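Right, I'll just put the structure down here and ask away after.
The values are calculated or read from the model by the stated rules, or taken from the named source; none is laboratory data. This is a predicted model, so every value here is computed, not measured. Reconstructed Cβ throughout: ideal geometry from the backbone, glycine too, with neighbour counts over all protein chains shown.
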Amino acid sequence: MASDSTLTKPRTRPLRPGAAPRAPGAVVALTGASSFLGANLIGLLEEDDAIGRVVAIDAKAPSTAGKKTRVYEVDLAEPGSEARLAEIFAAEGATTLVHLAFLGSPTPATAWVHELESVGTMHALVAARQAGIRKLILRSQTILYGAHPTNPNFLTEAHPLRASRDEPFFADKIEAEAEAARFAERTPGATVTILRTATVMGPTVKSFVTKYLSRRVVPTMMGFDPLLQFVHEVDAIAAFKLAVDRDIPGTFNIVGDGVLPLSTVIKLAGRIALPIPHPIAETLTQLGWMAQLVEAPPSFVPYLRFLCVADGARARDVMGFRPAYTSREALLDFVSAQRLRDVKLLVESG
Amino acid sequence: MSAKKKTPVAATAKSKAKPKPKPKAAPAKVEAVVETKKKKSIRPRAPARPPEPEAEAEAEHEHEHEHEHEHEHEHEHANEHDDANVAEEIRALEERLDRLIVEAGGKGEEEAPPSRSLSPSSRDGGDEQGTVFDTARELLSTDFYLRRWGRLGMRNRSEEVDDFGYDPVYDTRVRPVFDFLFRRWFRVVCDGIDRVPSTGRCLLVANHSGTVPYDGVMLKMAMLREHPSKRDVRWLAEDFVFHFPFLGSFTNRIGAVRACQENAERLLRQESLVAVFPEGTKGIGKLFRDRYKLQRFGRGGFVKLALRTRTPIVPVAIVGGEETNPLLFRLEAFSKLLGVPYVPITATFPALGPLGLLPAPTKWHIRFGEPISTEEYSAEAEGDELLVGRLSERVRTSIQGMLDETLSKRESVFFG
């Protein structure tokens, strides 16, 4: 932690509104700066000369913060965060807000998640409007389309978000998207970019999906083999960088090319599939979730049965986003890294 | 002189060996390690695209060549201390890694990979008990399964599916079964198949029949076996077929796609040949007494689709499918529980169990009608309800006409 503070500017610097020197170039504020996407995006922004300053906001400081980055420790889930954020945005002269304060994996602490994701987004956006920020980039996920038997093979951005609202993991993120839409409506001249990423896969990212695929025995639904889609972590970060660099309002699916059947995914990962009859799967998952033996609550079971694959054509045509890795390559990249980690674990454990 | 000569070679050998240690015992196993290392060095700045499959194979060849070179170097400079040390170190590391990988399966205390320890014991043992024991041990070792079904084994098998889940390799593997059904079981006769264009988008509209619908697959086989272009047919399957356990993923891998406008439109825009059954579930669920009476054609979705994408429609009549599993009664009591629209009661099902769903060896005729062009209509014609209704009816009468004609000529259900 000591080395951290030498890296970054003093975190509890008293705020003097207007006193901060107006740096040339854009001032980008990031919430959820310590998240996987946030930390990596800061690294990219640090290197970009067009970016004057990066304002990193999170409950804990990101490790990637460099010279350009000012770190503020604000917890979005706290009631007073709104005013504090507005103050920070105004003082730093932020022009762009990248809102990444979302959890990557479901957690049993649903009340806190609601405060962070749904209410926290509201706080951040209200503060942004007060501070006159005109550009908002919001992180969303294609998982929010929901896995339904009636889904077409490729879901476009026009498709409604139909993930189960009973699951706070989905409901709060859908609410956050609605919040962003409201921001776009009420703020004249605002550029709101919503990036719905597919499951982010790669050597360093960690989420419930990577945990699921790191199990020795991977539960699947007997007789079902849905097609899955991934986006490589590098591509996902590049998409956010692209959205920061350019003004592209709208919603975009950020996905890798190609799809993989779940069975192939498990084979490529070198795991063993454990088929479970689907009528009892939800009950088993519920029990496993309560005992914290499985990665996700029962509302994720449909994703092992039905399709939830998004169409990346709009991001390609309108945004100019070209994923460098296909779904398969992203998965293989994760698998090779995971394999090394497995070996390392064996070495360390004797 | 020797010192002059040696140092650069040693340096190159070192530099070559250090960044990417070449696997010796098991190249495939350490390959992953090398890959990630390469990628990691690139990652922070520019995301480099990993090599294409072919390129990868070439790279592997190169690795092998480099291998040989390294061996040569080692022989030449056997007295070189540094060189030998590095090589030794790498070998030791690789051996350790190999052992770890083998042990990773949970076989804790095995000293060497079972394949190596196997051969001597079976040679000097010789008795039957020893061989059985060894075979059992090999079967029990995780290495055996890793080689066969693990990631390494699977990597070489193509498991590529296209965007809609069609797996060409899997399809070729199961094709003999459908070939048998097409040629020997149903003895399908095609008529006017050359009316289907060889290239470009096209919509085949057919009647749907049989409690277990084989007509999609048979249409696909007809195009593959009888049509000069051997075009692939993508047919749209009802939801309940598509999401039925096992059956759904199976039909998906051999080319079926869930029936919905978005999917059909996407396929047609890729210039594919798409088969639709507008009768849908009502077509499959026709009772035996209603056979070959076309059911309602929905809201004419397929016509709207054709108009929107400017696709010619080829009406298709399939005769023979209705008698494969004559449906006597539809039981709707457990339908919700089982995820099907109804439970079929045929002469043999459920009396004979799953065997009762095997199709009767009826003689099939597939007739292709005159294509109906949609070129002359504008893109807005889709909204013209009257036109949609008229075209839909035209296709329907065309199919019904062909059905009636074929049926009147048919003398026997089983022999045509």
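Would you confirm whether any residue within segment A:236-243 is in a helix (DSSP H, G or I), farther than 30 Å from A:I51 by Cβ, in contact (Cβ under 8 Å) with a residue 60 or more places away in the chain and more than 9 Å from chain B (Cβ to nearest Cβ)?
no
So, in segment B:158-198, of the ones that are within 30 Å of B:P371 (Cβ to Cβ) and among the polar types (S, T, N, Q), which residue ends up nearest to the other protein chains (Cβ to nearest Cβ)?
If we take residues in segment B:158-198 being within 30 Å of B:P371 (Cβ to Cβ) and among the polar types (S, T, N, Q), then B:T172 is nearest to the other protein chains (Cβ to nearest Cβ).
Further question: Out of all the residues in segment B:252-261, is one or more of a type in the set (D, E, K, R), within 11 Å of another protein chain (Cβ to nearest Cβ) and buried (at least 21 other Cβ atoms within 10 Å of the Cβ)?
Taking every residue of segment B:252-261 in turn, at least one turns out to be of a type in the set (D, E, K, R), within 11 Å of another protein chain (Cβ to nearest Cβ) and buried (at least 21 other Cβ atoms within 10 Å of the Cβ).
Of the residues in segment A:203-235, how many are at the interface with chain B (Cβ under 9 Å from one of its Cβ atoms), more than 18 Å from A:G256 (Cβ to Cβ) and not aromatic (F, W, Y)?
Residues that pass the stated criteria total 5.
Is it the case that A:R162 is more than 19 Å from A:A77 (Cβ to Cβ) and assigned to a loop (DSSP other than H, G, I, E, B)?
Considered against the rule, which asks whether it is more than 19 Å from A:A77 (Cβ to Cβ) and assigned to a loop (DSSP other than H, G, I, E, B), A:R162 comes out as yes.
Applying the selection to segment B:171-210, what residues are of a type in the set (V, I, T) and buried (at least 20 other Cβ atoms within 10 Å of the Cβ)?
Hits for segment B:171-210 are B:V188, B:V196, B:V205.
Quick check, is B:R299 modelled with pLDDT under 90 and over 22 Å from B:F178 (Cβ atoms)?
Yes; evaluated as a whole, the condition is true for this residue.
What's the total number of residues in segment A:117-159 that are assigned to a helix (DSSP H, G or I) and closer than 30 Å to B:V241 by Cα?
4
So which residues in segment A:254-273 are more than 21 Å from B:F164 (Cβ to Cβ), facing chain B (nearest Cβ under 9 Å) and more than 24 Å from the chain's Cα centre (by Cα), if there are any at all?
A:G270, A:R271, A:I272
Now, a different point. Sort out for me the strands (runs of 3 or more DSSP E) sitting completely within segment A:165-221 that have 1 or more residues that are over 30 Å from A:R328 (Cα atoms).
A:191-197
Okay, next question. If you scan segment A:244-280, which residues turn out to be in a loop (DSSP other than H, G, I, E, B) and in contact with a helix residue (DSSP H, G or I) (Cβ under 9 Å, 6 or more places away or on another chain)?
If the condition is that a residue be in a loop (DSSP other than H, G, I, E, B) and in contact with a helix residue (DSSP H, G or I) (Cβ under 9 Å, 6 or more places away or on another chain), then A:R246, A:I248, A:P249, A:V255, A:G256, A:G258, A:V259, A:A269, A:G270, A:R271 are the ones that fit.
Which members of segment B:262-273 meet the condition of being within 13 Å of another protein chain (Cβ to nearest Cβ) and within 23 Å of B:R396 (Cβ to Cβ)?
Across segment B:262-273, the qualifying residues are B:N263, B:A264, B:E265, B:L267.
Could you grab me the full set of residues in segment A:302-317 that are buried (at least 21 other Cβ atoms within 10 Å of the Cβ), within 17 Å of A:F224 (Cα to Cα) and more than 10 Å from chain B (Cβ to nearest Cβ)?
Matches in segment A:302-317: A:P302, A:L304, A:C308.
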